[in-house]
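The values are calculated or read from the model by the stated rules, or taken from the named source; none is laboratory data. Keep in mind the model is a prediction, meaning the values are calculated, not measured. When we count neighbours, we look across all protein chains shown, and the Cβ atoms used for this are built from the backbone with ideal geometry, even at glycine. When the accessible area is computed, the model is the full protein with side chains, heavy atoms only, and any ligands, DNA or RNA have been set aside. Shrake-Rupley method; radii C 1.70, N 1.55, O 1.52, S 1.80 Å.
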Amino acid sequence: MASLLLPIIYLTFISLGLPDSLLGTAWPVMHVDLGAPVAAQSLISIIISCCTIVSSLFTARLTNRLGTGRLTALSVALTAAAILGFTTTNAFWQLCLIAIPYGLGAGAIDAALNNYVALNYGARHMSWLHCCWGIGASAGPLVMGWALGNSLGWPGGYLVIGATQVVITMVLTFAIPLWNRAAQAGGPGGEREQAVEADAPTAATATPPTNRELLRLPGARAAIASFGTYCALEGSIGLWIASYLTLARGFDASAAAAVVGQFYIGITVGRLVSGFIAQWLTSENQIRLGQALVASGLIGLVTLDGPIACGTCVLVAGLGCAPIYPSIVALTPKRFGERASQGLVSLQMACAYAGSMLVPPIFGLVAGAGGAALVPLLAIALLVANVLLAERAVRATGH
C-alpha cells in the first residue's frame, strides 16, 4: 500500500510546484497584454498568499471531514481550474479573481500532504517530498519559456500546465480508494518512524484541538514562529539577492540571475541529499546543520568578491535552506502528537505564507531606499531569529 501511495504523493507535490514560478516568468509579457503596470504582479501574489493562509487554517477541519485523499484531489482540481482560467483572461481584474481559487487549492494541498507524510513516512520522505516541489518549480518556467519562444504566448504556457494538472487530478481521483484503504489499515505504515507519542489519540478517534488549544501547547508558538521566519528568509533571499548583487556589488543582470539560480539548485539538490542522510542525522541536527550552512553562505556573500565566489556562497546558502522546512514539519508529530499534528502543520503553513508575503517587501523598501548593501545583513538577522526560535522549540518539547 505504501509503495503505491507514495509515488502519488510525490506526483502531487510536483504538481504543487509547477505553477509557482509561472507568474513571474510570464509577467513581462502578461502585464503588457493586460494593460497592467509592472508592479501589479505584487497584488496577484498577495491575493494568492492570503487565500493560501485561509485554506491552511481550515485544512485540519477539512481533512477530518473529507480525508486526505479526497481533499487533495479536490484541491488539485481547484488549482487546475484556476490555471486554465488564466488562459482566458483579458483584463487584470479577472486575473485577481482567478487567483482566489488558485490560492485556496494550493494551501490545502500543502498543509494536508505535509502532515500526512510527517505522520506516515518520516523525515527522509519529507525531504524528498520537497525535492519534488523543487522539480515542479524548476519545470514550470521551462514550459512557459518554451511557450513564449514558440509563439504560443503565456496563455499557451498556462494551458500546458493546466492540462497537466487535470491529468494529475484524474490520477488522484482514481487513487482515492488507496487512501481509504490506508486509513482503514491505520496508515501506510511500512516506513513510518516512531514519531507519534505512544498515548496520543489518532485523528480518526479524536476531535482535532482548536487553534487556541494548539497555541497553548509547550513550544508550539516557537515552532510556528521558527517556520515563519525560515520561509521569510528563503523568500527574501530568492527575491532580493539579485538586486543586492546588481545594486551593491556591480553585477550585470544576467550574472546576478545566474547566481540566484544557484540558490534554487542548492535547495533542490540539498533536499534530495538530506533524505539520504536522515537515517544518520536527526531532524533537529539537520536544522542546525542547515542554519550553519546558511550563515556561512551569507557571511561569504558579504566578504567575498566575484561571480564564482558569490555563486558558490549562494549555492551553500541554498544547500543550508534545504533541510530546514521539511525537518520542522517532520518533527511536528514527534513534538506534539498525532492528534495535534494536522492543526499545527496548518498553523505553520499559514505562518509560513504570512512570513513570505510580509517580510520580503521590507527588504525591497530597504533596497529601494539605497540600502541594497544591507540585504544580506537583514537575512542574517532573520537567520538569528530563526535559530533562537528553533532552539526554544527544542528546549520546550525535547525534540
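Hey, can you list the DSSP H helices of the chain whose Cα span along the axis is 24 Å or longer and whose average Kyte-Doolittle score is at least -1.0? Can you show the working numbers first?
Values: long enough: 41-66 (35 Å, 1.13); 68-86 (27 Å, 1.45); 92-120 (42 Å, 1.00); 123-149 (40 Å, 0.64); 153-174 (33 Å, 1.31); 220-247 (40 Å, 1.01); 253-277 (36 Å, 1.42); 283-303 (30 Å, 0.68); 338-366 (42 Å, 0.88); 375-397 (33 Å, 1.59).
Length and hydropathy pass: 41-66, 68-86, 92-120, 123-149, 153-174, 220-247, 253-277, 283-303, 338-366, 375-397.
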Quick calc: nm separation of the 7 Å Cα→Cβ label points for Arg216 and Trp93 -> 4.7 nm
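Would you work out the charge dipole size for the chain about its Cα centre, treating the Cβ of every Lys and Arg as +1 and the Cβ of every Asp and Glu as -1, and quote it to the nearest 20 debye?
Working: 17 positive and 14 negative charges, 151 e Å.
Approximately 720 debye in magnitude.
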Relative contact order for the chain, counting Cα pairs under 8 Å that sit 6 or more residues apart, in percent: 25 percent
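Just need the Rg to Rh number for region 73-166, please, alpha carbons only, Kirkwood Rh. Please list the in-between numbers first.
Details: Rg = 15.1 Å, Rh = 14.5 Å.
My calculation puts Rg/Rh at 1.04.
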Hey, what's the chain come to in accessible area per residue, 1.4 Å probe, Å²? 41 Å²
Using the Kirkwood radius over Cα pairs, work out the Stokes-Einstein diffusion coefficient for the chain at 37 °C and 0.692 mPa s, in µm²/s as a whole number. 154 µm²/s
State the answer as a single residue: which of Ala147, Pro307, Gly270 lies farthest towards the positive end of the charge dipole of the chain, with beta carbon charges of +1 for Lys and Arg and -1 for Asp and Glu, about the Cα centre. Gly270
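If you place +1 on the Cβ of every Lys and Arg, -1 on the Cβ of every Asp and Glu, and leave all else neutral, what size is the dipole of region 245-399 about its Cα centre, to the nearest 20 Debye?
The dipole magnitude comes to about 420 debye.
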Net charge, Val345 excluded, C-beta distance under 12 Å - Lys, Arg +1, Asp, Glu -1: -1
